[in-house]
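What follows is a set of notes on a single structure, which appears directly below.
The values are calculated or read from the model by the stated rules, or taken from the named source; none is laboratory data. Note that this is a predicted model, so its numbers are computed, not measured. Quick reminder, even Gly has a Cβ in these numbers, built from the backbone with ideal geometry, and neighbours come from all protein chains shown. Note: areas computed on protein heavy atoms with side chains; ligands, DNA, RNA excluded. Shrake-Rupley method; radii C 1.70, N 1.55, O 1.52, S 1.80 Å.
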Amino acid sequence: AREQCVTLAAEVWNCGAESTGQLAGRIAGREISCAPRDRDRGGRVVAVCTLGGEDLGRWMVRSGWARSFPR
């Protein structure tokens, strides 16, 4: 959550921490479910996590808190 972003006005802000906070607020202590799908180049598990049937990754991208990377 250390990623920094730059606004159009050239202002730097801590977008990583902000996006982490947004996701934490969305989950708010509720139970999520994750299903492993693959591994990335670093060997880390790539999973789809849902909250009440909603794909949290998709929610993050649609809300502007994450970027979608092509496969």
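The residues of segment 5-38 that are modelled with pLDDT of 95 or more and charged (D, E, K, R), listed by number, are ARG26, ARG30, GLU31. Taking the stated definitions as given, is GLY16 touching an Asp or Glu at 6+ places or on another chain (Cβ under 6 Å) and among the small types (Gly, Ala, Ser)? When the stated conditions are applied, GLY16 passes them. Once segment 1-35 is narrowed to residues that are without any contact (Cβ under 8 Å) to a residue 12 or more places away in the chain and in a strand (DSSP E or B), the residue that is least open to solvent (accessible area, probe 1.4 Å) is CYS5.
Reported count of residues in segment 48-65, each being among the charged types (D, E, K, R) and outside any strand (DSSP E or B), is 2. Listed by first and then second residue, the pairs linking a residue in segment 51-71 that is among the polar types (S, T, N, Q) to a residue that is surrounded by 13 or more Cβ atoms within 10 Å (Cβ to Cβ), with Cβ atoms under 8 Å apart and 6 or more places separating them unless they lie on different chains, are SER63/GLN22; SER68/VAL61.
Scanning segment 41-58 for residues that are surrounded by 11 or more Cβ atoms within 10 Å (Cβ to Cβ) and of a type in the set (Lys, Arg) yields one hit, ARG58.
With respect to ASP38, determine if the residue is open to solvent by less than 70 Å² (accessible area, probe 1.4 Å) and within 19 Å of PRO70 (Cα to Cα). So ASP38 does not fit the description; no.
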